[in-house]
Amino acid sequence: MTSNDEYVIRLLIERGYLSPEQVAAAADSMKAADETTLDALVAGGAIDEDSVLGTIADQFGLKYCHINADAIDEAVTKAVPADIARKYGVVPVVAGDDSVTVALLDPMGYDAVDSLRYVLPDRDVQAVLSPLGEVRAAMAKLYPTGLDAEVTTRDETGAEDVTGDDAPVIKLATLIITNAIKMKASDIHIEPMEKEFRVRYRIDGALRKMDSPPKRLQGAIISRFKIMSKMKISEKRVPQDGRIQINVGGKDLDLRVSSVPTNHGESIVMRILDKTNLSLGLPQLGFLSDDQTTFEKLIKLPDGVVLVTGPTGSGKTTTLYACLGQINTPDKKLITVEDPVEYQMSGINQVQVNKDVGLDFSSALRSILRQAPNIVMIGEIRDAETADIAMEAALTGHLVFSTLHTNDAPSAVTRLLDIGVKPFLVASALRAAMAQRLVRSICENCKESYQPTERELKMLTGLAQGTSATVPELMYHGAGCDRCGRSGYKGRKGIFEIFKVDDTIQRLIFDHAPATLLRQRAREMGMRTLREDGMLKVASGMTSLAEVLRVTMGDAD
């Protein structure tokens, strides 16, 4: 009856429709016949088809209904062309302008529905289960060439043929991704442990453990993700990278996928790249008004290097894209060099680094400078050669944006000098460096004010000494609600430290001055540190003191 009878029989036993003894007897009776155990159980009267299909439908949240071939309007067939219906084994039973409901020839063929959603991107595809005889009759009437044979479907990635045996795994893998997207996770972590197959989502920078799939499905689920991301499923000894493109709720999303072999199986991490983040402007990043004004002036300079610094996951790339979106006008040519290109931006020429063919940051940068761009964005400065080219490009009239891994803004100078860039190049080309961190925002739905504790007041007073920050009379926290998953936080904003290069700092760079002296001069010019910026945002109720301390623990004040 189905392409996964063992799974269905187990469900029927669990729900009390069948006993193990009935199943064993049916298995014995069908040995000489060309039928399955489930067919024998139905034929022998142990269970009826309605109970079987009703159980499958209930298990997967589908509707079970009878269909009448004569009652289906032939106009409905326009929603699913004949070749597609035959290929995926479906019959359309109801169709609207932007939706279609299909009955499945294989009751466990949910991979067909997944595939149809890619084949018919303009329609919301839903499925129902109906008796097999009724589906075949409708198929014969609506598509007269006939199709009574079992249909083999093809995975939407085109990687390999799959059958109904894979349907529960396909459904579960898709559910893991769609749930992560609904919860606004930035990453999905699939982690094989010794006795557990763990799934965690990174939400607002913190990992949350989800319900774990059965350990026995570990291999199948990992293989499914590797197929979706076009990795080699037979290769399990070396790390692999891939990409999944998916549409969820009308939104086009890219997932950057990484696979690494571990002691207990392959660990999969999927980074969710939401293209709607490209619409973020500078105010949405979390700038206070004065810092925003300063930064807007910097990104509109005609030339020079502007760096964004911070550890991995601190939002540097998002900030760079927001900058490009702010200054992307028809009279300017913008080119980026990225590894990888995370978001497609209209009006901007984006170059993907490909080390396999010798296209690294430095060689790509040399080539794009011949394209006469006004503005260049380099995903990351990793070596002296790339840094030198970037500095020289700035000195020849280009505005260059890039990132560095440093803890604070003044240390960007030290980092450039350490990798071998000449002091005169740094002093002449660098216009500014901005350090940033991401702090979780207090959930606006459950936000509450409270009187700071003595310990908090003491900490705030210590942080405020010698700065323009003031100790707030009231502080805020999130009580926890359904909207924020009881965490008290929803969304993230940045805290920033903007280090501008003036004549004095240029001379200090020439003289190889340490970062402490550079920082001292920047403070004299009014630079706010990360913690001070964070304190102002604590006072405004945007975030909590614990969050600011968490992300600035290793930073100098």
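Numbers for the structure displayed
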| read-out | value |
| --- | --- |
| Hey, Ser363 surrounded by fewer than 21 Cβ atoms within 10 Å (Cβ to Cβ) and either closer than 28 Å to Val551 by Cβ or not hydrophobic (A, V, I, L, M, F, W, C) (or both) or not | yes |
| Residue in the stretch 485-505 that is aromatic (Phe, Trp, Tyr) and loosely packed, with under 15 Cβ neighbours inside 10 Å present | no |
| Selection count where residues are without any contact (Cβ under 8 Å) to a residue 24 or more places away in the chain, open to solvent by 30 Å² or more (accessible area, probe 1.4 Å) and not aliphatic (A, V, I, L, M), scope the stretch 232-242 | 5 |
| Selection status of Leu278, modelled with pLDDT under 90, open to solvent by less than 50 Å² (accessible area, probe 1.4 Å) and in a strand (DSSP E or B) | no |
| The stretch 232-253, residues that are touching a helix residue (DSSP H, G or I) at 6+ places or on another chain (Cβ under 6 Å) and part of a loop (DSSP other than H, G, I, E, B) | Ile233 |
| Of residues in the stretch 116-129 being assigned to a strand (DSSP E or B) and either of a type in the set (Val, Ile, Thr) or modelled with pLDDT under 90 (or both), the one nearest to His66 (Cα to Cα) | Val128 |
| Close pairs from the stretch 338-360: first assigned to a strand (DSSP E or B) and modelled with pLDDT of 85 or more, partner open to solvent by 50 Å² or more (accessible area, probe 1.4 Å) and charged (D, E, K, R), Cβ under 8 Å, at least 6 apart | Asn349/Lys333; Gln352/Asp339 |
| Number of the exception - Tyr489 against (1) at pLDDT below 90; (2) of a type in the set (Ser, Thr, Tyr); (3) out of contact with any helix residue (DSSP H, G or I) (no Cβ under 6 Å at 6 or more places or on another chain) | (1) |
| Residue in the stretch 55-68 that is open to solvent by less than 50 Å² (accessible area, probe 1.4 Å) and farther than 20 Å from Asp5 by Cα present | yes |
| Sole residue being open to solvent by 20 Å² or more (accessible area, probe 1.4 Å), part of a helix (DSSP H, G or I) and among the aliphatic types (A, V, I, L, M), chosen from Leu425, Leu416, Leu508 | Leu508 |
| In the stretch 184-231, the residues that are surrounded by 18 or more Cβ atoms within 10 Å (Cβ to Cβ), touching a Phe, Trp or Tyr at 6+ places or on another chain (Cβ under 6 Å) and assigned to a loop (DSSP other than H, G, I, E, B) | Ala185, Asp204, Pro213 |
| Pairs with Cβ under 7 Å, 6+ apart, first in the stretch 5-30 and modelled with pLDDT of 85 or more, second open to solvent by less than 30 Å² (accessible area, probe 1.4 Å) and not in a helix (DSSP H, G or I) | Ile9/Leu18; Leu12/Leu18; Leu12/Ile47; Tyr17/Ile47; Leu18/Ile47 |
| Enumeration of residues in the stretch 281-332 that are surrounded by 13 or more Cβ atoms within 10 Å (Cβ to Cβ), among the small types (Gly, Ala, Ser) and either assigned to a helix (DSSP H, G or I) or in contact with a Ser or Thr (Cβ under 6 Å, 6 or more places away or on another chain) (or both) | Ala322, Gly325 |
| Residues of the stretch 467-484 satisfying the condition of being of a type in the set (A, V, I, L, M, F, W, C), surrounded by 21 or more Cβ atoms within 10 Å (Cβ to Cβ) and farther than 26 Å from Asp290 by Cβ | Cys484 |
| Criterion violated by Pro81 - all others in (1) over 30 Å from Ala25 (Cα atoms); (2) in contact with a Pro (Cβ under 7 Å, 6 or more places away or on another chain); (3) open to solvent by 20 Å² or more (accessible area, probe 1.4 Å); (4) not small (Gly, Ala, Ser) satisfied | (2) |
| Residue within the stretch 473-482 that is modelled with pLDDT under 90, acidic (Asp, Glu) and under 31 Å from the mean Cα position of the chain (by Cα) present | yes |
| Pair list, Cβ < 7 Å and 6+ apart or interchain, from the stretch 401-415 residues that are over 16 Å from Thr386 (Cα atoms) to residues that are charged (D, E, K, R) | Thr406/Arg415; Asn407/Asp555; Asp408/Glu497; Asp408/Asp555; Ala409/Glu497; Pro410/Arg519 |
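The values are calculated or read from the model by the stated rules, or taken from the named source; none is laboratory data. A quick note: this is a predicted structure, and the numbers were derived from the prediction, not measured. Backbone-built Cβ (ideal geometry, glycine too); neighbour counts: all protein chains shown. Heavy atoms of the whole protein, side chains included, go into the accessibility calculation; ligands, DNA and RNA do not. Shrake-Rupley method; radii C 1.70, N 1.55, O 1.52, S 1.80 Å.
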